[in-house]
Amino acid sequence: MKEDGKIKWSTRFAYGCGDTACNVVFGMISTLLTLFYTDYVGINPATIGLIMLISRMFDGVSDAIMGLLVERTKSKWGKSRPWILWMSLPFAVAAVLLFAVPHSTAMVQAVYIFVTYNLINTVCYTAINLPYSSLSAMMTRISSERDMLSVVRMGLSPFGRILAVTCTMPVVKLFGNNQSAWIKTMTIWASIAFILLLICFFKCEEKVVIEAQAKQEKIPLKQSLKALVTNQYFWAVVILWTMQNGIYCVIGTILPYYCKYIFHNDTWMYSTLYLTETLIIVVATFLSPMLLKKYGKRNMSLAGACLALVGQLIFCLNPTNFGFMVFSCVIRGLGLAPLNSIVFGFLGDVVEFGQWKNHIRQESLIFAGSSVGMKVGAGLTSAIITGLLSISGYISSTSGAIEQPDSAIRMIINVYRFAPLVVWVSVIITLSLYKLDKMYPMIMKELTEREAKGVL
């Protein structure tokens with residue numbers, strides 16, 4: 001960090017590498033994994049949906065536990081940063097195991113999927129991503145600097161998804177288009193993720209030291225949880241983060257099926273659509289600071305959500321036209337970018353608001369609680385989508401040459417049409433009620449005065 005409190009661009013870049021690494025793996029899990037299970041292993045989509053839903057419930061509990069662990073961690077590297085080092089290798093190994101489903105009975109395969117899915121999500125991803133997210137609030141207390149960390153993080157994170165989602169199918173087909181090819185491909189992606197996590201660990205340091213917090217007696221768990229659940233802006237950001245990931249989950253899960261069964265091209269067409277939207281998000285994310293400085297987080301994100309809603313409504317007019325599909329990807333990318341760029345800036349402000357309101361500073365617990373909402377929401381979304389596919393009569397097969405019934409085709413189209421509308425309406429309502437941007441300068445002024453007296 002520079003002497004004036006500003007964070008160097010090299011540090012911002014290293015911090016962004018952490019989320020790029022996470023999204024190399026999470027991109028696969030939230031998009032192509034369902035297709036791998038149904039069309040390469042032959043698992044019924046209803047089984048996959050049930051496993052993901054149950055697993056997400058465990059995942060939510062693990063986030064809360066991890067938040068408490070980080071709050072109590074003491075090491076020479078701090079309390080969030082060391083977890084990035086400790087869990088980087090287990091994270092990479094668990095990602096590869098996810099695709100090594102044994103050729104056995106349906107029950108054995110279901111158990112293996114449940115165990116490995118929870119190993120990567122409930123244990124490894126949580127133990128890296130949650131400390132990584134809370135690290136930003138420990139690197140600086142300057143809101144604009146946290147916003148820039150969020151911008152760079154969310155500007156670089158799509159490159160992980162680009163690698164995982166856009167490049168995976170061509171590489172899988174290059175390696176033989178079978179289960180073994182998926183394992184080889186994931187091994188490459190996991191190795192890249194491991195290196196990026198090490199870059200993040202070595203470059204990013206915890207700089208925030210609050211003497212009043214160090215002198216504060218240990219807060220009872222009941223009091224900590226009460227402070228968390230009574231923080232109204234915590235719940236607002238939970239909704240925003242959940243909806244942001246919900247749109248990724250909906251599009252990521254359905255788009256491969258859409259390209260395969262509606263456009264009959266699951267290679268270049270899928271990669272083109274995903275890459276188009278992702279690159280627009282990247283470019284617009286890095287341009288967001290110009291709007292952020294003038295309009296603030298809330299207004300910028302609200303305008304983007306309204307734009308995305310309009311774009312989706314236009315797409316609904318002709319959902320089987322490829323041109324309309326491209327248009328939808330472009331508008332959705334432009335609309336999502338503002339919220340995508342500073343969602344973690346919102347969370348940093350929530351930490352300061354919670355301290356101001358309850359005299360308790362909860363970086364890790366606030367990020368953990370938000371992550372619980374995001375992951376449970378993603379699990380419910382995946383379960384609903386796979387459940388709808390199953391109800392519609394979707395046929396799973398390892399041959400990849402099955403002709404789906406009309407009911408399944410209609411369901412794929414309808415999910416892609418209407419689910420994003422629910423997301424954007426929820427975001428617009430939440431942001432319309434969000435007032436913390438206006439209160440923040442007053443809050444920080446009062447906190448500075450309190451901390452000077454040795455009080456949180």
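The values are calculated or read from the model by the stated rules, or taken from the named source; none is laboratory data. Treat the numbers as computed from the prediction; the structure is a model and nothing was measured. Here Cβ is always computed from backbone atoms with ideal geometry, including for glycine, and neighbour counts include all displayed protein chains.
From the set of residues in region 74-99 that are part of a loop (DSSP other than H, G, I, E, B) and touching a Pro at 6+ places or on another chain (Cβ under 7 Å), which is farthest from residue 387 (Cα to Cα)?
The residue in question is 75.
Filter region 319-343 down to the residues that are surrounded by fewer than 24 Cβ atoms within 10 Å (Cβ to Cβ) and under 16 Å from residue 289 (Cα atoms), then identify the one that is modelled with the lowest pLDDT.
So the residue we want is 343.
Out of all the residues in region 344-371, which are among the β-branched types (Val, Ile, Thr), out of contact with any Lys or Arg (no Cβ under 8 Å at 6 or more places or on another chain) and surrounded by 24 or more Cβ atoms within 10 Å (Cβ to Cβ)?
350, 366
Hey, does region 377-386 have a residue that's within 19 Å of the chain's Cα centre (by Cα), surrounded by 24 or more Cβ atoms within 10 Å (Cβ to Cβ) and either at pLDDT 90 or above or in a loop (DSSP other than H, G, I, E, B) (or both)?
no
Take residues that are within 24 Å of the chain's Cα centre (by Cα), closer than 30 Å to residue 69 by Cα and not basic (Lys, Arg) and tell me which of the helices (runs of 4 or more DSSP H) falling wholly in region 170-284 contain 3 or more.
179-203, 221-229, 232-261
Give region 423-439 a look and list any residue that's assigned to a helix (DSSP H, G or I) and either touching a residue at least 60 places away in the same chain (Cβ under 8 Å) or among the aromatic types (Phe, Trp, Tyr) (or both), or say none.
Answer for region 423-439, where residues must be assigned to a helix (DSSP H, G or I) and either touching a residue at least 60 places away in the same chain (Cβ under 8 Å) or among the aromatic types (Phe, Trp, Tyr) (or both): 423, 424, 425, 426, 427, 428, 430, 431, 432, 436, 437, 439.
For the structure I just gave you, tell me whether residue 55 is polar (S, T, N, Q), in contact with an Asp or Glu (Cβ under 9 Å, 6 or more places away or on another chain) and surrounded by 17 or more Cβ atoms within 10 Å (Cβ to Cβ).
Here the answer is no, as residue 55 does not meet what is asked.
Yes or no, residue by residue, for (1) within 30 Å of residue 356 (Cα to Cα); (2) of a type in the set (A, V, I, L, M):
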site	(1), (2)
230	yes, no
250	no, yes
255	no, yes
275	no, yes
288	yes, no
303	yes, yes
310	no, yes
